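Here is the structure we will look at, set down as structure tokens.
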Amino acid sequence: MKWSEQTPPKGGMKYHRSQLTGILRSKAKVPFNCDHCGLLFETYACWAKRYATHYCGRACAWASRIIRFPKDCVICGFIMMLTPSLAVRKFTCSRNCMRKKRVTNNMTVRSSPDYKAIAKHLKKNAVCKLCGTFNGPWAVMGIKTWVEDGLSCAEGSKAYLACRHCHMESVASLAVNSTYMTDRIKYYKEKK
């Protein structure tokens, strides 16, 4: 029962606790059932209105925080026991399931651990293969990516680094020949 649903004691809220006699002090208290164990206890109405939950002691307050809810993994169906805060934001039981979820949700394959490891290894010896400069920012090229059993995989035997300038020059022809650009060129020709 909420404290607001109970009628306040007759004279309990009028005076400060130190000014009350022993009998009036007991009148100023409101009975509650502990939200964790169900034990009946009394607390002052001014303290009770501060919180939405009421516990008989610190042990029950801490024990209520440890309560876990079952939630199924969206990939494999494994039942996870999560705290209320984690249950809102966690959907998978392991890193492999998280990788599968990323790929099935059309997230980039570049978020896979294999791709990141290859890129990190290449960036240790940062030299542009096309022009030989040591200045970045870098673009990783030549990594073969694929999806296998729902996991994103990468293979970097032919991978190399290119500076931004060389990378933009190498993909300029692909950009011009892309369907987006051909559609835009066609649109502007028809518009004239």
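The values are calculated or read from the model by the stated rules, or taken from the named source; none is laboratory data. Model, not experiment: these values are computed from the prediction. Here Cβ is always computed from backbone atoms with ideal geometry, including for glycine, and neighbour counts include all displayed protein chains. Areas reflect the complete protein model, heavy atoms only, side chains present, ligands, DNA and RNA absent. Shrake-Rupley method; radii C 1.70, N 1.55, O 1.52, S 1.80 Å.
Take residue 43 and decide whether it is of a type in the set (Ser, Thr, Tyr), at pLDDT 80 or above, exposed (fewer than 14 other Cβ atoms within 10 Å of the Cβ) and farther than 30 Å from residue 166 by Cα. So residue 43 fails the test. Within segment 84-97, residues that are of a type in the set (Asp, Glu) have Cβ atoms under 7 Å from residues that are modelled with pLDDT of 85 or more in no pair, counting only partners at least 6 apart in sequence or on another chain.
Which one of these is at pLDDT 85 or above and over 30 Å from residue 31 (Cα atoms): 166, 153, 131, 93? Walk me through it before giving the result.
Details: 166 fails: at pLDDT 85 or above; 153 fails: at pLDDT 85 or above; 131 fails: at pLDDT 85 or above.
Of the residues listed, the single one that is at pLDDT 85 or above and over 30 Å from residue 31 (Cα atoms) is 93.
Going through (1) at pLDDT below 75; (2) buried (at least 16 other Cβ atoms within 10 Å of the Cβ); (3) among the small types (Gly, Ala, Ser) one by one, residue 175 falls short only on (2). Taking segment 127-146 as the range and being loosely packed, with under 14 Cβ neighbours inside 10 Å and under 33 Å from the mean Cα position of the chain (by Cα) as the test, the residues that pass are 136, 137, 144, 146.
Here residue 105 clears all of (1) at pLDDT 80 or above; (2) within 26 Å of residue 147 (Cα to Cα); (3) open to solvent by 60 Å² or more (accessible area, probe 1.4 Å) except the condition numbered (1). Of the conditions (1) modelled with pLDDT of 80 or more; (2) surrounded by fewer than 16 Cβ atoms within 10 Å (Cβ to Cβ); (3) part of a helix (DSSP H, G or I), residue 119 clears all except one; give me its number. Only one criterion is unmet by residue 119, namely (2). Of all residues in segment 48-73, those that are under 30 Å from residue 91 (Cβ atoms) have Cβ atoms under 6 Å from Cβ atoms of residues that are part of a loop (DSSP other than H, G, I, E, B), 6 or more apart or on another chain, in 53/35; 61/55; 63/36; 64/36; 68/83; 73/92; 73/93.
Does residue 79 meet the test of being exposed (fewer than 12 other Cβ atoms within 10 Å of the Cβ) and modelled with pLDDT of 80 or more? Spell out the reasoning first.
Values: exposed (fewer than 12 other Cβ atoms within 10 Å of the Cβ): yes; modelled with pLDDT of 80 or more: yes.
So residue 79 passes the test.
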